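Step one of this worksheet: look at the structure below.
The values are calculated or read from the model by the stated rules, or taken from the named source; none is laboratory data. This one's a predicted model, so the numbers in the text were calculated from it and none came from an experiment. Neighbour counts are summed over all protein chains in view; Cβ atoms, including those assigned to glycine, are modelled from backbone coordinates with ideal geometry. With ligands, DNA and RNA removed, areas are computed over all heavy atoms of the protein, side chains included. Shrake-Rupley method; radii C 1.70, N 1.55, O 1.52, S 1.80 Å.
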Amino acid sequence: MHKRTKINVAIFVLLVGMACMFTAVVTDHWAVLSPSVVKLNDTCEAAHFGLWRLCKKHIYISGENYQEGQGCGPISLPGVENCTYFNHFTPGQDSEIFEYKTQKEYNISAAAISIFAVGFMLLGSLCLIGSCTGKGKGRLYLLKPAGMFFAFSGLCTFISLEVMRQSVKRMIESDDTIWFQYYYSWSFACACVGFVLLFLTGIALLILSMPQMPRNPWETCMDAEPEQVE
């Protein structure tokens, strides 16, 4: 495969990775939390949240759609939903204070790191635009910082994923919270795909932008101009 074709394929994969990452950042289905069901034929409160927003949903649980050991949900069931930005939990009782502090600490960290990831993506995109519109050796040169920026973006995405995972794990394992079950939803999956595509393709783009090594040492000697003898 020609080198330019490989670069075009890498750019296409990067566009898919950026789309996945932007989708993960702006949506709020990173994790779904469910409390245990105390009473049938009554409403319970499940929640799903992302980097910026938490949504609590009041779901009616009847005896027909309930299975033993199941938490409140699934979240796809109809119900009244209430969403808040940034102020994920309101401090009040002990469990709410714990949830508030946990979400405030971890989500601010995850959101800040994701901003760095988006920033690196934008810088990499600018380098790609310069590479596509430039002429001569400058086109290939700009691919090097582009690959580095996209790889850094992938690393920041991975750190943001881990911070979010630790946030959910801490709330589930604590005895001070009401949450009984959890699972990571499609926004989290988009972030995972974005991390893999951005990091690996960024490294690939960096390698493709490197000058091609000779197949054997004699190629360099054969291509060299002969010295002039006076």
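Be a star and scan segment 1-38 for residues whose amide nitrogen sits under 19 Å from the point 7 Å along the Cα-to-Cβ vector of residue 210.
So the set is 1-8, 10-11.
Given a Förster distance of 35 angstrom, what is the FRET efficiency for residue 169 paired with residue 15, based on the Cβ-Cβ distance and rounded to 0.05?
For R0 = 35 Å, the calculated efficiency reads 0.60.
Counting Lys and Arg as +1 and Asp and Glu as -1, each charge on the Cβ, what is the dipole of segment 1-84 about the Cα centre in debye, to the nearest 20?
740 debye
Express the accessible area of segment 164-207 per residue in Å², computed with a 1.4 Å probe while the remaining protein chains stay in the model.
Ligands and nucleic acids excluded, the result is 52 Å² per residue.
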